[in-house]
Amino acid sequence: MPEDICQIIPHRPPFLFIDEILEVSDSGVRASRTIRSEEPQFIGHYPGNPIMPGVLLCEAVFQAGAVFLSRKLDVDVGGDTTALTPVLTRIKDAKFKNMVKPGDELIIEATHVETLGKFYFLKGKITRNGKTVMTVSFSLAMVEGDKTE
């Protein structure tokens with residue numbers, strides 16, 4: 001449920017691109033998302049032929065990675081990680097293999113590759129009906145948020 005996700009990462013609708021966390025393991029995360037025709041990006045991308053923007057597919061993978069890191073840091077460091085914000089620090093080798101349309105049900109995966117200091121390197125993949133839609137390599141850093149109110 002999105003409410004559960006909102007307790008783990010700071011993303012909120014309309015910029016939340018994960019519907020459900022399916023599994024979190026020591027090495028990664030699996031999540032799901034159903035693309036809905038009423039989503040605001042389809043007003044302009046493209047009228048009469050709605051196609052999910054690739055950058056938003058990437059964002060879904062990055063959000064899955066943030067879920068994984070939040071859970072990993074909860075276990076590794078202990079305590080509350082809600083004060084940390086996942087910040088994207090690198091995108092590499094994004095490849096789009098199939099279009100995504102309203103009604104598509106996606107499986108979103110992010111797998112931990114390595115950690116260097118405060119940078120977490122991951123690879124991601126989205127599939128639809130067992131076929132790869134896109135792949136990407138990326139890194140995130142978990143940074144403390146501003147204490148201003």
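The values are calculated or read from the model by the stated rules, or taken from the named source; none is laboratory data. These numbers come from a predicted model, not from an experiment. Cβ sites come from the backbone with ideal geometry, for glycine too, and all protein chains shown count toward neighbours.
Has region 93-111 got at least one residue that is in a loop (DSSP other than H, G, I, E, B), hydrophobic (A, V, I, L, M, F, W, C) and either out of contact with any Cys (no Cβ under 6 Å at 6 or more places or on another chain) or crowded, with 19+ Cβ neighbours inside 10 Å (or both)? Checking region 93-111: at least one residue is in a loop (DSSP other than H, G, I, E, B), hydrophobic (A, V, I, L, M, F, W, C) and either out of contact with any Cys (no Cβ under 6 Å at 6 or more places or on another chain) or crowded, with 19+ Cβ neighbours inside 10 Å (or both). Could you grab me the full set of residues in region 134-149 that are at pLDDT 95 or above and either out of contact with any helix residue (DSSP H, G or I) (no Cβ under 7 Å at 6 or more places or on another chain) or under 23 Å from residue 83 (Cα atoms) (or both)? Answer for region 134-149, where residues must be at pLDDT 95 or above and either out of contact with any helix residue (DSSP H, G or I) (no Cβ under 7 Å at 6 or more places or on another chain) or under 23 Å from residue 83 (Cα atoms) (or both): 135, 137, 138, 139, 140. Here region 9-67 is the region considered, the condition is being of a type in the set (Phe, Trp, Tyr) and surrounded by fewer than 16 Cβ atoms within 10 Å (Cβ to Cβ), and the residue that is farthest from residue 120 (Cα to Cα) is 46. Here residue 114 fulfils each of the conditions (1) in a strand (DSSP E or B); (2) buried (at least 16 other Cβ atoms within 10 Å of the Cβ) apart from (2). A residue that is out of contact with any Gly (no Cβ under 6 Å at 6 or more places or on another chain), closer than 14 Å to residue 65 by Cβ and assigned to a helix (DSSP H, G or I) occurs somewhere in region 4-21. Does residue 73 satisfy being in contact with a Leu (Cβ under 8 Å, 6 or more places away or on another chain), over 20 Å from residue 94 (Cβ atoms) and assigned to a helix (DSSP H, G or I)? Judged against the criteria, residue 73 is a match.
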